[in-house]
Amino acid sequence: MQLQQLQYFVAVAETRHFTRAAETVHVAQPSLSQQIKALERELGADLFLRARGNITLTDAGEALLPLARRILADADTARHEVLELAQLRRGRVRLGATPSLCTGLLPDVLRAFHDRYPGVQLMIEEGGSHDLVRELARGALDLALVVLPLPTASPVLTTVELLREDLVVVSSPESPRPGGGRRAVRIADLEGERMVMFRHGYDLRELTVAACRAEGFEPDFAVEGGEMDAVLGFVRAGLGMAVVPRMVAARSGRGLRVTPLARPGLHRTIALAHRSDVAPPRAARELQRMLLER
């Protein structure tokens with residue numbers, strides 16, 4: 001039994017006409033008839049009742065029709081899946097992420113993805129969650145790593161929680177220890193301390209400022225307006241301290257003192273987002289799988 005024979009059988013079953021069926025599958029009518037007869041011989045049963053001007057399915061034909069449609073659909077799915085896998089030899093993934101995630105989470109995952117699919121181009125766009133959500137919604141990105149909750153609810157996006165990350169305080173080893181030298185500091189201990197603060201629209205800025213205000217004070221900015229690398233550089237230079245994700249602090253090397261926040265501390269929830277109405281490309285789905293399984 002050949003897929004081509006099943007395709008011809010379904011065409012005749014749907015058109016109830018050998019000539020029109022042959023036109024549908026772009027084959028000569030005698031060839032189609034021969035293949036149908038070969039299928040009937042192999043199955044040992046007639047599939048059609050052939051009367052002048054009237055083609056109907058036999059009981060055997062009625063039984064075969066849903067099975068043939070399913071087999072052809074499965075074959076088509078298999079063909080597309082294999083083709084998409086083959087296409088991972090080239091292509092692109094457009095991924096958005098906050099700068100802190102580009103520094104902390106992504107390097108190891110992107111290296112593993114590149115090692116497995118070296119022909120796939122990785123296009124990374126850094127930005128705050130608000131900007132990334134907007135770019136994702138308009139189709140400029142395939143995936144985005146964002147901080148939950150989203151700045152504005154978006155019914156066109158699907159989010160999957162990826163991780164919950166602790167925030168820590170970083171300072172220069174040459175500066176006085178925050179909180180009077182305690183092993184863990186409270187947000188209240190940051191009152192009166194000089195802070196290095198991220199630019200407006202940065203998720204970490206909004207979270208830190210909100211936490212300070214919840215303790216009844218406004219943070220004192222020594223420097224503000226930087227991206228992640230600039231903020232860490234200013235902290236190393238002794239201009240002030242900053243609240244950053246633990247992963248970022250761990251990857252930032254020498255020149256930083258890392259102090260955890262006392263319970264309940266500060267945390268942020270990272271999610272992987274994509275559009276609900278459009279399936280991400282195959283390469284993007286593979287990167288999504290690797291991020292979720294990391």
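The values are calculated or read from the model by the stated rules, or taken from the named source; none is laboratory data. Because the structure is a prediction, the values reported are computed rather than measured. Cβ placement follows ideal geometry from the backbone for every residue including glycine, while neighbour counts extend to all protein chains displayed. Just the protein is used for accessible areas: all its heavy atoms, side chains included, with ligands, DNA and RNA removed. Shrake-Rupley method; radii C 1.70, N 1.55, O 1.52, S 1.80 Å.
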*Any idea which of (1) within 16 Å of ARG289 (Cα to Cα); (2) within 16 Å of the chain's Cα centre (by Cα); (3) of a type outside the set (A, V, I, L, M) is the one ARG116 doesn't satisfy?*
(2)
*In segment 123-135, which residue that is open to solvent by 70 Å² or more (accessible area, probe 1.4 Å) and part of a helix (DSSP H, G or I) is nearest to ASP229 (Cα to Cα)?*
HIS130
_Residue pairs, Cβ under 7 Å, 6 or more apart or interchain, first in segment 249-273 and farther than 19 Å from ARG294 by Cα, second acidic (Asp, Glu) and buried (at least 18 other Cβ atoms within 10 Å of the Cβ). List them._
HIS267/GLU165
*Out of all the residues in segment 136-152, is one or more under 23 Å from ALA283 (Cβ atoms) and assigned to a helix (DSSP H, G or I)?*
yes
*Is one or more of the residues making up segment 139-149 without any contact (Cβ under 8 Å) to a residue 60 or more places away in the chain and crowded, with 18+ Cβ neighbours inside 10 Å?*
yes
*Can you find even one residue in segment 146-159 that is modelled with pLDDT of 90 or more, within 28 Å of ALA262 (Cα to Cα), of a type outside the set (A, V, I, L, M, F, W, C) and out of contact with any Gly (no Cβ under 7 Å at 6 or more places or on another chain)?*
no
*Among what's in segment 275-287 and is open to solvent by 30 Å² or more (accessible area, probe 1.4 Å) and under 11 Å from the mean Cα position of the chain (by Cα), pick the residue that is nearest to LEU88 (Cα to Cα).*
ARG282
